[in-house]
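Got a structure for you, questions after.
The values are calculated or read from the model by the stated rules, or taken from the named source; none is laboratory data. Because the structure is a prediction, the values reported are computed rather than measured. Cβ sites come from the backbone with ideal geometry, for glycine too, and all protein chains shown count toward neighbours. Heads up: the accessible areas ignore ligands, DNA and RNA and are worked out on the full protein's heavy atoms, side chains in. Shrake-Rupley method; radii C 1.70, N 1.55, O 1.52, S 1.80 Å.
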Amino acid sequence: MLTFNHLFFAMLLPAITCGVIFAANVYLRKKDHFQWLTAAALGIGYIIGHIAIEGKPSFLPKESIHWLFYFTILAILTSIYWDSSRWVQLITKIIYSIVIPRLLLDSYFQHIWGPIEALIWWICLAIGIYIYWHIVLQSISTLPSGGSVPFVHMGVSFGTALITALSGSVVIALHAGILVALFATIWVLAVVLHRRVISADEFRFQIFANSVSPLVTFLFVGTWINGYFYAEVPSISALLLVIAPIFVLVGRVDVVKRLGERKTMSIQIGLIALCVSIALIIAVVRSGLFGQDAY
């Protein structure tokens, strides 16, 4: 049973820490560009929550979910040099896309899959991670500046938390819950600071710059892989969560763009919400809440 202290250190304290760093970043960026600080705000917040749930990290992770602690540190470091060149970005995406599934699914590679099956899964997952990373980057560049990007990721992480909880893993759901708290904090602060503190002209930077993409990719991919392979998340639900952010691209369709920024954003968020809702409904039916014959 979750206690108040557990929830405080796993959810509230990460959100508070993330909010303080992010708010400071907003003012710093009025004079300079510290885009990586947004990744640091999210990453440090997640690390605090991770330690609250899993305890002190061991040097060599004992479970797959423990790798997210080290992935977060790597993502923060990667965000610092992310904008140095396109070649650096390309090489970074390829390397991490190959390494991440091998580390997270070591038990499958060692004890469950044969050589051919392991190779097929490895290739498919590496390609999937690379494509999802590109989707994250597209969502950052396509959605309007301000709170829309963290709002979308908050919705996806909320759906992830519910689906993993329904699929039999409260621990993985708690990790997704940390993401909900962090993205919700960024979203609220983005809206408040935009309207009350900083003028519109001064707020014309992306709340989520491209340098945040490694962190978003690592944490979501790590949570989904753990949910699918080590819990009972339905494959269709997992796939819908992965592809949900791709619906931001409807904002580039000429017919939709002519509707105006506000209506376009509503359509984008609506389609993403629909995708996540379908994934959740499938998980609810699959969980047996409506009886064993429902699925």
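How much length is gained if the chain between SER235 and ALA273 is pulled fully straight, taking 0.36 nm per residue apart and subtracting their Cα-Cα distance, in nm to one decimal? Please list the in-between numbers first.
Values: separation 38, 0.36 × 38 = 13.68 nm, distance 1.83 nm.
Extra length available between SER235 and ALA273 comes to 11.8 nm.
Where is the GNM fluctuation largest for the chain (alpha-carbon springs, 10 angstrom cutoff): LYS56, LYS93, LYS263?
Per the Cα network of the chain with a 10 Å cutoff, LYS56 tops the list.
Would you mind computing, in nm to one decimal, how far apart the modelled labels at TYR27 and LYS257 are, each placed 7 Å from Cα along Cα→Cβ?
3.8
Which value, to two decimals, describes the C-alpha radius of gyration of the stretch 54-94 once divided by 2.2 N^0.38 Å?
Cα Rg divided by the expected 2.2 N^0.38 Å: 1.46.
So, one more: On a 1.4 Å probe surface of the protein chains, which of TYR228, TYR46 comes out largest in accessible area, and what is the full order?
Result, largest first: TYR228, TYR46.
Can you give the accessible area per residue of the stretch 213-294, in Å², using a 1.4 Å probe?
Ligands and nucleic acids excluded, the figure is 50 Å² per residue.
Once Kirkwood radius over Cα pairs in Å is worked out from the coordinates, which option in [x] 22.9; [y] 23.6; [z] 19.7 does it equal?
Label [z] holds the value from this structure.
Can you give me the % of accessible surface on the chain that is carbon or sulfur? Probe 1.4 Å, all protein chains present, nothing else counted.
Summing carbon and sulfur atoms, their accessible area is 68 percent of the total for the chain.
What figure, in Å² to the nearest 10, do you get for the accessible area of GLU117 with a 1.4 Å probe and non-protein molecules left out?
90
Can you compute the FRET efficiency between SER58 and LEU119 using 1/(1 + (r/R0)^6), with r the Cβ-Cβ distance and R0 = 30 Å? Round to the nearest 0.05. Before the final figure, lay out the partial values.
On the way: r = 29 Å, r/R0 = 0.97.
Efficiency, from the Cβ-Cβ distance: 0.55.
Per residue, how many Å² of accessible area does the stretch 33-144 show with a 1.4 Å probe?
51
Choose one answer from PRO101, PRO115, PRO245: the residue with the largest mean-square fluctuation in a GNM of the chain with alpha-carbon springs under 10 Å.
Result: PRO115 has the largest fluctuation of those listed.
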